[in-house]
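Student: The structure is given below, and queries will be raised subsequently.
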Amino acid sequence: MRDDRRQIQTAVLGGADSDDPLMLPLEAIELDAFRQRHEHDTFWCGLLLGGCGVQLTTKLYTDRVCHFAHHPGADTPSHRCGRRARGVASADHLYVKAAAAAWLRTAGHPGDLVHFDFARPDGAEIGSVLDIRFKERGLRVHLDQAVAPVWDEDGREPVLGVSVPVDRDTLIDRWYIHRIRLDSVGTSRQVRIGTEAFMRPTEWFELEECEMTGRGLTTPAVERLVQSRSTRPVSRRSTEQARKAPAPQARVELLLRKLGEAQKLGSVLVVTQISGEIAAVTGLDEQGQAQSRAAVAGAQVWLKEQAAVREELFGSLRDAVEARNVEAVRTLLVTANATASHARTGEETAIAAAAGALLTADAQERHEEIMAAERDAERARRAAERVRALLSALRRPPVGLRSQRRAWIRSSVQKLLLAAEQADSVLSAREREHVESWKTRSGLDGVPAKPGHLAADGRRATGDGRRVHDVACPACGAGPGVRCETPRGYHPSRIARLRRSP
């Protein structure tokens with residue numbers, strides 16, 4: 001495993017197995033107060049954060065964000081931390097647990113009867129899912145998309161993070177779903193619960209405004225929604241008509257209204273279900289039977305039209321996958337998941353799976369590019385430090401014979417030029433002027449060329465004619481002459497290998 005140099009923004013207090021989370025201030029002016037406040041505390045790369053369990057220390061910077069770092073004693077070649085999540089949201093599952101425990105205690109649920117579990121179904125990363133169980137009920141909090149929510153399973157009500165998608169039919173059938181988000185407040189994270197209903201914006205509430213009822217997790221928005229659906233005003237005239245109408249006819253009229261609403265919303269699942277219910281109603285008079293047949297026939301025509309739209313949608317998605325058009329795939333897959341997530345054929349399932357695999361590959365490639373850029377930036381920073389050290393040494397050359405002194409200066413300037421190439425834009429204009437000055441004074445005319453950037457077709461900018469596929473890829477194992485199976489053609493690590501090769 002390569003050393004991961006992303007900045008660590010969260011830790012736990014007291015020990016490696018602690019569940020007490022902490023977030024470091026990003027600004028230097030806030031870090032001094034933070035250090036005083038936690039003068040007697042220890043910070044750890046917690047196991048519940050997916051960390052290595054090593055003690056952390058704080059790093060103060062004025063030119064970039066402050067962050068945690070592994071204790072100097074652990075900074076050895078043999079130590080590699082496999083922690084994947086390091087940003088401000090990486091301890092959200094611990095903040096949710098702490099907030100939920102306090103909320104349930106306030107609501108009268110004893111702590112010994114509440115059970116928390118950082119579940120990892122199907123090998124998901126720790127922190128993706130938090131299970132909360134008390135008495136016969138429970139909540140499953142999905143903080144990311146790693147685990148698909150399952151509705152009405154084992155009494156666990158899903159609560160979805162803001163990035164977790166939900167299809168339209170689920171919102172229609174369930175009336176509403178709950179979401180969760182965490183906002184940074186100082187060096188902590190505040191939990192907020194949202195209620196999302198179809199064609200309505202999500203309403204957000206403090207955790208203290210929510211409660212557990214017989215329906216499950218309830219917010220003020222849920223109470224208003226339930227009340228509006230159960231107290232819909234009915235005119236006296238419609239009431240009298242309903243009383244006069246035979247029971248089967250009243251049933252059909254109700255289903256016809258629901259059918260029209262479902263068609264307006266574009267819900268194939270609901271239209272299919274209601275049209276079947278209309279066809280099953282018996283005891284109608286001749287006029288009612290004709291009305292029902294016409295409605296069912298119209299629904300079938302509508303469903304065929306929607307099937308054509310669905311076929312076109314998956315055809316476009318298939319074409320976008322074959323063309324490796326990532327942006328088009330992302331847009332079309334969101335539409336397919338929202339409008340055509342049910343009763344998929346084998347072909348549709350395969351197309352959706354291919355689209356998901358392409359997006360996953362693109363996300364991995366983007367992550368690799370970010371990591372490669374961070375590694376390049378770190379190498380440039382270290383090279384700039386070498387440049388500054390060599391410039392300082394050149395101002396005080398060793399005392400000795402003139403020929404030895406000249407050879408030492410020439411060797412140092414050669415090292416200086418090589419380090420300056422690697423430092424690139426990290427050096428200030430004044431430092432580059434000093435480098436150029438020493439190059440002129442030492443009489444070094446031959447300056448090594450800068451590492452070549454790559455053109456879009458994979459050639460080196462130095463003009464030697466070689467392409468990326470002339471070297472093997474360390475990321476996916478593709479050999480010379482074989483393209484990488486990525487949306488952009490080549491992994492960044494393969495490009496970096498070509499640049500380093502002679």
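Here, each number is a calculation from the coordinates, and none is a lab measurement. Just so it is clear, the model here is predicted, and its values are computed rather than measured. Positions of Cβ are generated from backbone atoms using ideal geometry, with glycine treated the same way; all protein chains shown enter the neighbour counts.
Student: When only DSSP loop residues count, what chymotrypsin sites (Phe, Trp or Tyr not before Pro) in the stretch 24-85 have their Cβ near at most 14 other Cβ atoms within 10 Å?
Tutor: Loop-located and lightly packed - Y61.
Student: When the chain is fully extended, how far beyond the present Cα-Cα distance does T42 get from H79, taking 0.36 nm per residue of separation?
Tutor: 11.3 nm
Student: Using the Karplus equation 6.51 cos²θ - 1.76 cosθ + 1.60 (θ = phi - 60°), what ³J(HN,Hα) coupling, rounded to whole Hz, does each residue of the stretch 424-435 give in order, writing x for Gly and Pro?
Tutor: 6, 7, 5, 6, 7, 4, 5, 5, 5, 5, 5, 4
Student: Let me ask something additional. Want the number for E253 to Q364: 0.36 nm per residue separation, take away the alpha-carbon distance, what's left?
Tutor: The E253-Q364 span can extend by a further 34.7 nm.
Student: Would you please give the FRET efficiency between N337 and E211, computed as 1/(1 + (r/R0)^6) with r the Cβ-Cβ distance and R0 = 30 Å, to the nearest 0.05?
Tutor: 0.40
Student: Among bridges DSSP assigns within the stretch 92-230, what percent are antiparallel (round to 5)?
Tutor: In the stretch 92-230, approximately 80 percent of DSSP beta bridges are antiparallel ones.
Student: Short version: ³J(HN,Hα) in whole Hz for each residue of the stretch 190-205, in order, from phi by Karplus 6.51 cos²θ - 1.76 cosθ + 1.60 (θ = phi - 60°), x for Gly and Pro, what are they?
Tutor: So the J values, rounded to whole Hz, are 9, 8, 10, 10, x, 10, 10, 10, 4, 6, 10, x, 5, 9, 10, 9.
Student: Then there is this: Relative contact order for the stretch 246-342 using alpha-carbon pairs under 8 Å, separation at least 6, rounded to a whole percent?
Tutor: Rounded, it is 25 percent for the stretch 246-342.
Student: A further question on this structure: Amide H neighbours of I8 under 5 Å, at least 5 residues apart or on other chains, H built in the peptide plane: list them.
Tutor: F68
Student: Hey, another quick one. Work out the FRET efficiency for L444 and E378 from their Cβ-Cβ distance, taking R0 = 35 Å, and round it to the nearest 0.05.
Tutor: With a Förster radius of 35 Å, E is 0.80.
Student: In sequence order, what are the phi-derived ³J(HN,Hα) couplings for the stretch 321-326 according to the Karplus relation 6.51 cos²θ - 1.76 cosθ + 1.60 with θ = phi - 60°, rounded to whole Hz, with x for glycine and proline?
Tutor: 5, 5, 7, 6, 8, 4
Student: List the residues whose amide H sits under 5 Å from the amide H of E27, counting only those 5 or more places along or on another chain, with H placed 1.01 Å from N in the peptide plane.
Tutor: C66
Student: Is the C-alpha gyration tensor of the stretch 130-194 telling us rounded, prolate or oblate? Criteria: a/c under 1.5 is rounded; beyond that, a/b larger than b/c is prolate, otherwise oblate.
Tutor: Cα axes put the stretch 130-194 in the oblate bin.
Student: Using only alpha carbon pairs under 8 Å that are at least six residues apart, calculate the relative contact order of the stretch 92-230 and give it in whole percent.
Tutor: 15
Student: Right, here's the next one. If one computes the Cα centroid of the stretch 285-328 and of the stretch 81-113, what distance in Å separates the two points?
Tutor: Here the answer is 44 Å between Cα centres.
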